[in-house]
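Structure, as structure tokens:
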Amino acid sequence: MAEAQIVFENVVKRFGSVLAVERANFKVHAGEFLGIMGSSGCGKTTILRMLAGLETPTEGEIRLNGMRLNEIKPADRNTPMVWQNLALFPFLSVRQNVEFGLKTRGIASDERKKRAMQWLDRMEIAELSERQIHQLSGGQKQRVALARALVTEPPVLLLDEPLSALDANLVIRMQGVLTRLQKQLGITFIYVTHSQSEAFAMTDRVIIMSKGRIEQIATAQEVFRRPANRFVAEFVGSNNILDGRVTAIEDGSIVVDTNIGAVTVVVSQNDDFKVDDHVEMVISADKIELSSQPTGSTNEFRCSLISEEFIGSIIGLLVETTNGFEIKIQKPHHELELHNLTEVGTLWFSWNLDTPYLLPRDA
Amino acid sequence: MSLFKVDGYALTWRLPLLVWQSIFFIGPLVFMVAITFFLVKNYRMREAFEMINWIKMLSRGYFWDSYFLTLWLATLSTLTATIVAFPASYALAFKASATVRRWAVFFLIIPFFTSYLVRTFSWYVILAEHGAINAVLSWFGLGPFTMLNTPFATIIGYMTLCLPLVVVLQTLSLANVDKNLIEAAWNLGAGWMRTVFGVIVPLAKTGLIIGAVICFILSYGDFVAPYYLGGSKPPTLSILIIDTTKSGQQWPRAAVVAVMMMATLISVAFTAVYLAYRRK
């Protein structure tokens, strides 16, 4: 099988005594939309900058289409970037900005103009071609930055939180533009963001980073349902994490003593649990059932409502168990309305036997 | 709505500057222009309104010799300072740490603590026929070269006056260039030359032009360097002013030269500031 388009092999980056990236190992396939996500200072931008050649790895090797990139100057890689602040040249017009990358490659003026106009047209801003940058709106600048980066037809486009400066409305629209563009062009997009919704909405796979370490590389679905470790489970935000100790092992299931009481969990044959083992279980907020009456199911607990938070069509609820432990629950708006759940004083929550996801024990 | 509505608050803050400029700049300037129409009889200035001073000065070849010499020397000085300063400023702005840059700016200001005249005379010792440079060159069997009383020495003098200032101004404007834009240029395939001249210079344009124009103004009006180092043959305009006042108390004709100098400087400065702040 052909090697992946981009390969990071044992890449380490240190700034003085600060370890920015700790032994990154991953591969990106041609045409993939990869997200790199994490809080600020986690090293996600450093990964992108190393790929663009703006930082040199301290150790390890980065390859693009099988070629070692480490020593190649940024100007000699075709890895254009869309910057957080867009970095458009204020002294050039819209068209001249787009032409810049063609000019550096020695393409003749007529051809440059033609190709720049094609891209501006594609980004639906052809009529703005002779404007100055300061005359554009945020969304228009975004499109210029994209056209400028894509005009050289690169194999990979690097995006460093390009939507962070836009208002919510525009973010959704630009997400659509980016996703469509990536599908049409079929080139690799590497998208750095701290926004989960952006990453999950657009990418094929995401890298979750924390303190320079790659915590998980997986699809959004997998990160969401099968987090690799406690950090990822917490990072996703809508997970409840229960610590517990195995108290009994039955056929195909274990009983775990947790902060909120005994929980029975179905386990696969591969999981080799012993009594007294410590386990961490993840229960997604959206997989918890809520009712105003006890239903008699196995994993059912009494609770009272602390707060509710309106997140569009979904309501985020925070409930408290009788022993004071807080649990996050997400329910569609209509379901709560139907049962008048938020009006009742005492509630019961429960989940199926196979709902809890047990974190890998070596994590 | 009145066109002459007075904003008392703004006026209060601007008043000191307005008063200062009126008393020490606009007033004397008007007076100087007026003098150009006065007459000198028996070594005394008389109030009059005659064009004779203008006609006499502007019809003389020596005036225009001085005028173009001064213009040429100031232009040469500006170009030299701008070109010589740029690599140093570039290194300070992009290659040095913030601490090194602060110290460098400090050391560049230190020469201004000493008198310009003293600094000029120290060049006299260095550039003279038996001065320091020729002494060193003679060890290699070279020279002696005549450096004093040449345009070369004048430019050296101008550099003493301007170069540190130009480096400081260039450094400050280059250090303010958005590093992201430089990286964006590399990222789009720009080599070193294109990044410097196609991105950094346009971004630092305002500071670079202001540095150049200050150098031009200082060199254009200076008389110390062309007089003591350049030998004043032919004289620059500032030396011509001195010569004119000395010969027959011709203050009105000196004023003509001064007004011509002012007019030239104002148009150069105006054009430069226009170019510096022009936004396409």
Within the range A:247-348, considering only strands (runs of 3 or more DSSP E) that don't extend past its boundaries, which have at least 1 residues that are loosely packed, with under 12 Cβ neighbours inside 10 Å? A:278-284, A:299-311
Cβ-Cβ under 7 Å, sequence separation 6+ or interchain: first residue in the range A:272-283 and in contact (Cβ under 8 Å) with a residue 24 or more places away in the chain, partner in a strand (DSSP E or B) and among the charged types (D, E, K, R). Which pairs? A:Asp276/A:Arg245; A:His278/A:Arg245; A:Glu280/A:Asp243
Based on this model, can you work out whether B:Leu174 counts as more than 14 Å from chain A (Cβ to nearest Cβ), more than 14 Å from the chain's Cα centre (by Cα) and crowded, with 18+ Cβ neighbours inside 10 Å? yes
For the range B:187-199, the count of residues that are surrounded by fewer than 23 Cβ atoms within 10 Å (Cβ to Cβ) and part of a helix (DSSP H, G or I) equals 7
What number goes with the only condition from (1) assigned to a strand (DSSP E or B); (2) at positive phi that A:Glu153 does not pass? (1)
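For the range B:178-202, enumerate the residues that are within 7 Å of chain A (Cβ to nearest Cβ) and of a type in the set (A, V, I, L, M, F, W, C). Write out each step before concluding.
Keep residues of the range B:178-202 that are within 7 Å of chain A (Cβ to nearest Cβ), which gives B:180-181, B:183-184, B:186-191, B:194, B:199, B:202.
Within the range B:178-202, B:Leu181, B:Ala184, B:Trp186, B:Leu188, B:Ala190, B:Val199 meet the criteria.
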If A:Val156 satisfies all but one of (1) without any contact (Cβ under 8 Å) to a residue 60 or more places away in the chain; (2) within 13 Å of chain B (Cβ to nearest Cβ), what's the number of the condition it fails? (1)
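Given the options B:Val100, B:Val105, name the one that is under 22 Å from the mean Cα position of the chain (by Cα) and β-branched (Val, Ile, Thr). Outline the logic, then answer.
On the way: B:Val100 fails: under 22 Å from the mean Cα position of the chain (by Cα).
Going through B:Val100, B:Val105 in turn, just one is under 22 Å from the mean Cα position of the chain (by Cα) and β-branched (Val, Ile, Thr): B:Val105.
Take the range B:257-280 and flag every residue that is within 14 Å of chain A (Cβ to nearest Cβ) and among the aromatic types (Phe, Trp, Tyr).
Residues of the range B:257-280 that are within 14 Å of chain A (Cβ to nearest Cβ), as a first pass: B:275-280.
Correct list: B:Tyr277 only.
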Pick from B:Thr12, B:Thr80: which is more than 30 Å from B:Ser247 (Cβ to Cβ), polar (S, T, N, Q) and exposed (fewer than 11 other Cβ atoms within 10 Å of the Cβ)? B:Thr12
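Suppose the filter is modelled with pLDDT of 95 or more, part of a helix (DSSP H, G or I), hydrophobic (A, V, I, L, M, F, W, C) and closer than 21 Å to A:Thr193 by Cα; does A:Leu88 pass it?
On the way: modelled with pLDDT of 95 or more: yes; part of a helix (DSSP H, G or I): no; hydrophobic (A, V, I, L, M, F, W, C): yes; closer than 21 Å to A:Thr193 by Cα: yes.
When the stated conditions are applied, A:Leu88 does not pass them.
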Do we find that A:Pro80 is within 13 Å of another protein chain (Cβ to nearest Cβ), free of Cβ contacts under 8 Å to residues at least 24 places away in the same chain and crowded, with 17+ Cβ neighbours inside 10 Å in this structure? no
Can you tell me which residue among A:Glu309, A:Glu326 is within 12 Å of A:Asn240 (Cα to Cα) and charged (D, E, K, R)? A:Glu326
Note down all Cβ pairs under 6 Å where the first residue falls in the range B:56-72 and is more than 22 Å from B:Ile217 (Cα to Cα), the second is part of a helix (DSSP H, G or I), and they're at least six residues apart or on different chains. B:Met57/B:Phe63; B:Met57/B:Arg253; B:Met57/B:Val256
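The values are calculated or read from the model by the stated rules, or taken from the named source; none is laboratory data. Being a predicted model, the structure only gives us computed values, none of them experimental. Positions of Cβ are backbone-derived with ideal geometry, glycine not excepted, and every protein chain shown enters the neighbour counts.
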